[in-house]
Amino acid sequence: MEESALLTNITMIITKDILVDEANSQKKPKHFLWHSNQNVDEDKMRFPLLASMDDEDEDFCAKQQFFSGVGNTTKNKEEDNKTTTNPSTSGSHILRNRLTAARKQNKFYDPQQRTGSETCTETRTRKKPRELNLLNKFENVEFEGYLHMSKMSFLKTFQFIKHLLQQSTFPAGVPAQTVFSLALWKLTTDEHFEEISRRFHIPQPDCELIVSQFWHIISDKYESYIKWPNSHLFQQLQLQGFQKHPQLKIFPNLFGILAIKRLDIFLASEDAEISIILQIVCNVDQKVIDCFVELEQEYSFDETPMGQILALNENTMPKGCYLIGDKTFPLKPYLMKPISNPCFRKEQEFNRLLEPALRLGQDTLDIMAKRFNALYALEARDLAEVRKILETVCALHNLSVAIEDDYVERKREVVKFNWATDTNSNVTAVAVGSEQNVQGLQRRNDLVDRITFHSNANGMPMAMWRLA
């Protein structure tokens, strides 16, 4: 047993010495590993995605992979063997490492492969739109041609609403003047957002978001700019205003003028053009004191908030007061309108005397359209946004009246076309409003007699009141 064990030990020692000597005879310097043609070919087989033109970073990456494979522990031998026997797997792994490193250095960046965190980071660091200064960008005449107001009116209007824009949150902290300028430009020029984006070098999504937010802000402050006279003082001032008008003072207790206009709107939600009705009430100064928007096929004055409030609340106007509207409105004790089929001269004269009042309402709509060209061809996402836009238009119109900007007045002297009386786009399908209200008929008859008597007392011939 002892001889057998001894022979075995001697055999193992001799074998070990032979193997060590053989390994030393074949050992090569380290640098030869990367410059020998034989090993280059082996590397190409092991790293098939690397070519001779690859740069030093790729070479270093390959070296690290090579030494990592040589130094694998026994625990990872099976996994290493699989990688070595599958060159494409090893190459794909290297390519992924290269792309990951490149993305970290902003090289080979593929926007389709952004992660959620990368997107959030980009949103937070997105450059805010530069301040848009239209006052310096355009000369006076060109400025008025685009924005339909003088530079001084622009500044005064901006001062009225500046505090609202500063309190609101806009993308990337957009300056208040930029918000106001973009919104006003959209309403007065009616350029599409694509055109505005190109003109002012502001991304289109930012333009749409900024302008839409502006409409929401002004609409939310509706009652600050579009005020119905509720207090006794303001109601008396309303009545006194009409009594000072040379053509309307013959109408006692006149409180306001009703006017409606049909508009064709393109709705993105419907991907179609629809018709809506814009209803306003204005005072003698042509300020809007109430506005309402509804789909044309669903419009009925009795169903509007104004119609319901006037019918249910006697305190909406002082006792005995009334509004004047055109033939499309229904006759009510609080709503006077022209006589549909006048039979007597005094009825014809009554209709004629109503014309200045009706024209006042039509001119108010025309002034709004000549200042805000968006009314000619409005577009919006949905009906809710249409309402916000039109409320914004009415609010800005009132501010323009308050600061006495005269641009539209000068324009109307040249452009005689009246948008509100255009029969091609006005309410033509809506029939003449009902005149069956008994109290309304009695009230109108009394008004006809009173007005015709007043006219006769001022020197009109008695023959005018004879039967036709």
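Structural remarks
- Residue match in the range 298-311 (condition: of a type in the set (Ser, Thr, Tyr) and within 18 Å of Ala395 (Cα to Cα)): no
- Top-ranked residue of the range 258-278 - restricted to ones that are open to solvent by 20 Å² or more (accessible area, probe 1.4 Å) and in a strand (DSSP E or B), ranked as nearest to Cys394 (Cα to Cα): Arg262
- Residue within the range 412-421 that is modelled with pLDDT of 95 or more and among the basic types (Lys, Arg) present: no
- Neighbours by Cβ (under 7 Å, 6+ apart or cross-chain): first from the range 384-402, polar (S, T, N, Q); second modelled with pLDDT of 95 or more and open to solvent by 40 Å² or more (accessible area, probe 1.4 Å): Asn398/Lys287
- Only residues that are open to solvent by 60 Å² or more (accessible area, probe 1.4 Å) and either assigned to a loop (DSSP other than H, G, I, E, B) or under 20 Å from Glu349 (Cβ atoms) (or both) were counted in the range 242-257, giving 5.
- Among the residues of this structure, Leu239 counts as one that is in contact with a strand residue (DSSP E or B) (Cβ under 9 Å, 6 or more places away or on another chain) and open to solvent by 10 Å² or more (accessible area, probe 1.4 Å).
- Taking the range 134-151 as the range and being open to solvent by 50 Å² or more (accessible area, probe 1.4 Å) and either in contact with a His (Cβ under 7 Å, 6 or more places away or on another chain) or touching a residue at least 40 places away in the same chain (Cβ under 8 Å) (or both) as the test, only Tyr146 passes.
- Listed by first and then second residue, the pairs linking a residue in the range 175-198 that is touching a residue at least 12 places away in the same chain (Cβ under 8 Å) to a residue that is among the charged types (D, E, K, R) and assigned to a helix (DSSP H, G or I), with Cβ atoms under 6 Å apart and 6 or more places separating them unless they lie on different chains, are Ala176/Lys162; Phe193/Glu208.
- From the options Pro356, Pro318, residue that is surrounded by fewer than 19 Cβ atoms within 10 Å (Cβ to Cβ), in contact (Cβ under 8 Å) with a residue 24 or more places away in the chain and not in a loop (DSSP other than H, G, I, E, B): Pro356
- Residue, surrounded by the most Cβ atoms within 10 Å (Cβ to Cβ), within the range 291-310, restricted to residues that are touching a residue at least 12 places away in the same chain (Cβ under 8 Å) and over 18 Å from Leu383 (Cα atoms): Phe301
So that you can scan it fast, the table gives a plain yes or no per residue for (1) of a type in the set (D, E, K, R); (2) under 26 Å from Thr304 (Cα atoms); (3) free of Cβ contacts under 8 Å to residues at least 40 places away in the same chain:
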site: Phe170; (1), (2), (3): no, no, no
site: Ser231; (1), (2), (3): no, yes, yes
site: Phe234; (1), (2), (3): no, yes, yes
site: Phe242; (1), (2), (3): no, yes, no
site: Leu248; (1), (2), (3): no, no, no
site: Asn253; (1), (2), (3): no, yes, no
site: Leu258; (1), (2), (3): no, yes, no
site: Lys261; (1), (2), (3): yes, yes, no
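- Check on Glu347, surrounded by fewer than 22 Cβ atoms within 10 Å (Cβ to Cβ) and outside any helix (DSSP H, G or I): no
- Subset tally (residues that are open to solvent by 10 Å² or more (accessible area, probe 1.4 Å), at pLDDT 95 or above and of a type in the set (Ser, Thr, Tyr)) for the range 359-392: 0
- Residue within the range 144-162 that is among the aromatic types (Phe, Trp, Tyr), under 20 Å from the mean Cα position of the chain (by Cα) and either closer than 17 Å to Leu399 by Cα or at pLDDT 95 or above (or both) present: yes
The values are calculated or read from the model by the stated rules, or taken from the named source; none is laboratory data. Quantities reported herein were computed from a predicted structural model and do not represent experimental measurements. Because the Cβ atoms are built from the backbone with ideal geometry, glycine has one as well, and the counts that use them run over all protein chains shown. Side chains are part of the model used for accessible areas, which takes the heavy atoms of the whole protein and leaves out ligands, DNA and RNA. Shrake-Rupley method; radii C 1.70, N 1.55, O 1.52, S 1.80 Å.
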